[in-house]
Amino acid sequence: MSVPICEHIKPSGARCASPAMRSQRFCYYHVGARECLPVGRGMFRDANPRLGDAPSRPEFPIPFLEDAAAIQIGYMQALYGITNHRLDPREARLILAALDGARTNLKQMEACVTACAKSTSAKTTKKQAASVKRASGKSSRTRLAKMRA
């Protein structure tokens with residue numbers, strides 16, 4: 001029986017590898033994220049009053065900040081908004097501070113995941129070594145018993 005995998009694609013292009021929830025296309029994390037985030041909300045306002053009747057500019061959706069690529073996309077969008085006068089300085093400071101916080105948090109999360117993976121692999125290696133030791137001890141005892149008989 002195959003387990004369905006979450007269909008979410010991260011901004012880096014990598015697919016989420018978590019199992020999808022029963023009767024859902026996404027994992028627990030991404031189902032919750034999709035319910036919490038507003039749909040169609042962009043980073044910029046519709047029009048800049050300074051530009052008058054200028055042609056409409058592209059609207060960028062706010063990236064879901066789950067990996068380094070998404071944070072980089074957020075920085076690029078903020079830079080675009082600042083240079084094209086689509087973000088006022090106060091909004092730009094808030095967005096850049098939020099992106100910086102996400103970047104810092106991502107580094108801490110990656111360090112934690114790496115430490116947990118090392119800890120888990122070390123425990124697994126110790127368990128495997130103990131298991132091999134027990135198994136080899138049993139086989140040598142069995143051989144000794146057979147030799148004595």
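Values in this text are rule-based calculations from the coordinates and carry no lab data. Everything numeric in this text was worked out from a predicted model, so none of it was measured. Positions of Cβ are generated from backbone atoms using ideal geometry, with glycine treated the same way; all protein chains shown enter the neighbour counts.
Just a few scattered comments:
- Stretched out straight at 0.36 nm per residue, the stretch from Asp100 to Tyr28 would grow longer than its current Cα-Cα span by 23.3 nm.
- Inverse of mean 1/r across different Cα pairs in segment 57-108, Kirkwood, Å: 11.2
- Spin-label pair Met21-Leu79: with each label point 7 Å from Cα along the Cα-Cβ axis, the two points sit 3.7 nm from one another.
- Three-way shape label, segment 1-40, alpha-carbon gyration tensor, a/c 1.5: oblate
- Backbone amide hydrogens, once placed in the peptide plane, bring Ile5 within less than 5 Å of Ala20, excluding anything fewer than 5 places away on its chain.
- Which of Asp67, Asp88 has the fewest Cβ neighbours within 10 Å, and the rest in rising order: Asp88, Asp67
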